[in-house]
1. For B:His259, enumerate residues with amide H under 5 Å from its amide H, sequence gap 5+ or separate chain, H modeled in the peptide plane.
2. Residue-wise, which Karplus ³J(HN,Hα) couplings in Hz belong to the range A:140-156, taking 6.51 cos²θ - 1.76 cosθ + 1.60, θ = phi - 60°, and x for glycine or proline?
3. In the neighborhood of A:Thr76, defined by Cβ-to-Cβ distances under 9 Å, what is the net charge if each Lys or Arg adds +1 and each Asp or Glu adds -1?
4. Could you tell me which of rounded, prolate or oblate describes the range B:99-187, using a ≥ b ≥ c as the square roots of the eigenvalues of the alpha-carbon gyration tensor, with rounded for a/c under 1.5 and, failing that, prolate when a/b is larger than b/c and oblate otherwise?
5. With contacts defined as alpha carbon pairs under 8 Å and 6 or more residues apart, what's the relative contact order of chain B in percent?
6. Rounded if a/c is under 1.5, else prolate if a/b beats b/c, else oblate: with a ≥ b ≥ c from the C-alpha gyration tensor eigenvalues square-rooted, which is the range B:193-315?
7. Would you mind telling me the antiparallel percentage of the DSSP bridges in the range A:10-278, rounded to 5?
8. Between the range A:60-101 and the range B:164-232, what is the C-alpha centre distance in whole Å?
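The values are calculated or read from the model by the stated rules, or taken from the named source; none is laboratory data. No experiment lies behind these values; they were computed from the predicted model shown. Glycine also receives a Cβ, built like all others from the backbone with ideal geometry; neighbour counts cover every protein chain displayed. Remember, those area values only see protein heavy atoms, side chains included, never the ligands or the DNA or RNA. Shrake-Rupley method; radii C 1.70, N 1.55, O 1.52, S 1.80 Å.
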Amino acid sequence: MIGNRTPPDSAAIALLQQRAVQLKRNMLVQARGKGQGYLGQGLGIAELFAAMYFHELRYDPQDMTDPDRDRFLVSTGHYAIALWAAFAEIGLIDPAILPTYGADGGQIDMTTFDAVPGVEMTGGSLGQGLGVGVGIALAHKLDGRSARVFVEISDGEVQEGSTWEAAMSGSAFKLDNLVALVDCNGIQADGAIVMNIEPVAQKWQAFGWDVVEIDGNDMAQIVDALNWARAMNQIPKAIVLRTKPGKGLPTLEAREKAHFIRVEQNEWDLLTRELEEQNA
Amino acid sequence: MLNSTSNAHADSGKRSIQAPFGAALVKLATHHDDVVGLTADLGKYTDIMPFAAAFPDRYFNVGMAEQNLIAVAAGMAKAGKTPFVTTYGVFATRRAYDFIAVACAHSNLNVKIFGALPGLTTSYGASHQAIEDSALMRAIPGLTVIDPCDASEIMDVVNAAYDTPGTVYVRLQRGNVPIALPADYSFKTGKAQIVKAGSDIGIISTGISTAHALEAAARLEASGKSAAILHVPTLKPFDHAAVVEFAKSFDQLATVENHVKEGGLATQVAECLFEAGIVRKLQRIGLPDAFVEYGSPAYLMDKYGISAAKIFEALR
């Protein structure tokens, strides 16, 4: 069983940070194979995914159907690139298939389908994840299971009305086994956030959730927030993560079109070098 | 149950059952701990209150939020529950379509959706009349779509929905629902069955329209014309074989449905007969391509040609 709930020291934080860098390497391998992909989002959320799969979640990679596993729902299907990066590290997929990301007939698509072991929901239609998470958390309460439910959603999804229907029910049903991880990276399909969603944290608070807002690329802050979210006080938790698309690769961080990244073939070596230099 | 509106089109003096859905669900849930009930502020109007009273810990009302209703049901199904979900058909299908398609059907989740007020069974106007829900639902891959005729069939369908793997959509008649089908009839998922034998005209019908077709057939009989009725409660998967076999025997063929003709039973029958190479004139009795006004179900069904009297006039 992976999942160690003791508060990590600085050495443990550094190890988790190395995990995040490895996830970023895996994402580069995927995007390079395809020539394009949702690399900006993936790099921006790598620290969270590393913290989830190597610190917070309790699960057995040999049995991802265990009813008592913690569940991590990735509502944003296009964050598949980050999931496959993590799955390659925990043994759910063979790292050798990472270059087949998004390939016709391949196993690891550019979006998520829950027929793939370890994928907890079919993402892609934004605004569905939190409600599904509410349903799982509610069923766990009914069955007296201690397993917890984490739902990653994006800032774009905050614009969907269904997200707020779900938020309302999460607090009404007193689901303290439910944690929303709100990735605020400031971009959506049409560019910078096109409909103002601020103040995000206050919105969750108004819907009856306990909220913290953190630098979503700072591993120590992520781990702190996850520790905080364990409080069983009948209130669901929201962690608002301010993240930077393309984090760790200054060339991509500077890109204006970060929602869907295309990279010329001659740039990949440069990006790979850049990632290693940043983390040397 | 409570003050549920009775079917105004049900002739008085006929046998009927009060809230057949709720009664059957309570019985089912007694034997199956995984059954949970969900609604979106329409518990009192969709006959689920007997379940809520019997199993208060397993009953959840999400408020006026149909997208979340379906999403929460999907999540509960992912965690091993079998949610029975009620709202009006219009809200389930028009508001929560994407959630039914992606969150439920795509994952083949055991979510059983009962949409009340099919077609013209409400007086409340176009916002509440689910006149195109079957067409919408049958377009979703993998879904099972059922339009039961009467109280007994609704009760059978509650059990059948539980036994049918995956996502099921049922058109639900609420309140005091008549018994109309022959006593020896019992529902089988995916099966169309002949509920009245006859020789001159073949009627293919579904839902409450089969009850009205039976009445019309009795009048036809009295006027010297013998009508057979094939009842098709399961619209998906569609019983092609039974429809083709039935249609072969009749030169005069008609469909009757409490639903728009476009995309509903008539369309399905036409598709199926053409594919089998059977060319017959098909008289389509159903709702027009129009939103329908406010009015009592009996008045509206007569005005739009799907009452027993109007079916009789159309076919004699």
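1. B:Leu287
2. 5, 4, 4, 8, x, 7, 8, 4, 10, 10, 10, 10, 7, 10, 9, 5, x
3. Numbers: positive: none; negative: A:Glu152, A:Glu157, A:Asp183.
Once positives and negatives cancel, what remains is -3.
4. Values: a/c = 2.40, a/b = 1.21, b/c = 1.99.
Here the range B:99-187 falls in the oblate category.
5. On the way: 716 pairs, mean separation 56.6, N = 316.
18 percent.
6. Values: a/c = 1.88, a/b = 1.21, b/c = 1.56.
Oblate, since a/c reaches 1.5 and b/c is not below a/b.
7. Numbers: 4 of 26 bridges.
Restricted to the range A:10-278, the bridges split so that about 15 percent are antiparallel.
8. 50 Å
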